[in-house]
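Working notes, beginning with the structure itself.
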Amino acid sequence: MIVLNGYLALNLLVGWASLDAEHKGEPPARWVKPLVLISIPWAISIHTVTAFIYSGLGARPFWLTALLAPRFLSSAFASGLPCSS
């Protein structure tokens, strides 16, 4: 719960500051970049925690594997947001 709520708060803060700066036609504040860099390992921890939760469900034998966290991470990278130019 801490990981999910922390990541939500982090993304809301970064998103709000970035969109507000773009709306005003200014560059984003300097404190946004460190928060973006913090959000990258935080995203990895979200997928790892989700994999640990799913691997504890005995009704799903496909999920009872140690490779579930890397599988979640690779699928997240493969289905990421498209690049906008």
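Assorted remarks:
- Subset of the range 50-68 [open to solvent by less than 60 Å² (accessible area, probe 1.4 Å) and either at pLDDT 85 or above or in contact with a Phe, Trp or Tyr (Cβ under 7 Å, 6 or more places away or on another chain) (or both)]: Thr50, Ala51, Ser55, Leu68
- Filter result for Leu19 (assigned to a helix (DSSP H, G or I), more than 26 Å from Phe72 (Cβ to Cβ), open to solvent by 60 Å² or more (accessible area, probe 1.4 Å) and not basic (Lys, Arg)): yes
- The set of residues in the range 23-37 that are surrounded by 13 or more Cβ atoms within 10 Å (Cβ to Cβ) and either touching a residue at least 24 places away in the same chain (Cβ under 8 Å) or of a type in the set (Phe, Trp, Tyr) (or both) contains only Leu35.
- Residues that are open to solvent by less than 80 Å² (accessible area, probe 1.4 Å) and at pLDDT 85 or above do occur in the range 1-8, at least one of them.
- Qualifying residue in the range 24-43 (condition: out of contact with any Leu (no Cβ under 8 Å at 6 or more places or on another chain), outside any loop (DSSP other than H, G, I, E, B) and of a type in the set (Lys, Arg)): yes
The values are calculated or read from the model by the stated rules, or taken from the named source; none is laboratory data. Keep in mind that this is a model prediction, so the values were computed, not measured. A quick note on method: Cβ atoms are made from the backbone with ideal geometry, for glycine too, and the neighbour counts reach across all protein chains shown. The area values use the complete protein model at the heavy-atom level, side chains included, leaving out ligands, DNA and RNA. Shrake-Rupley method; radii C 1.70, N 1.55, O 1.52, S 1.80 Å.
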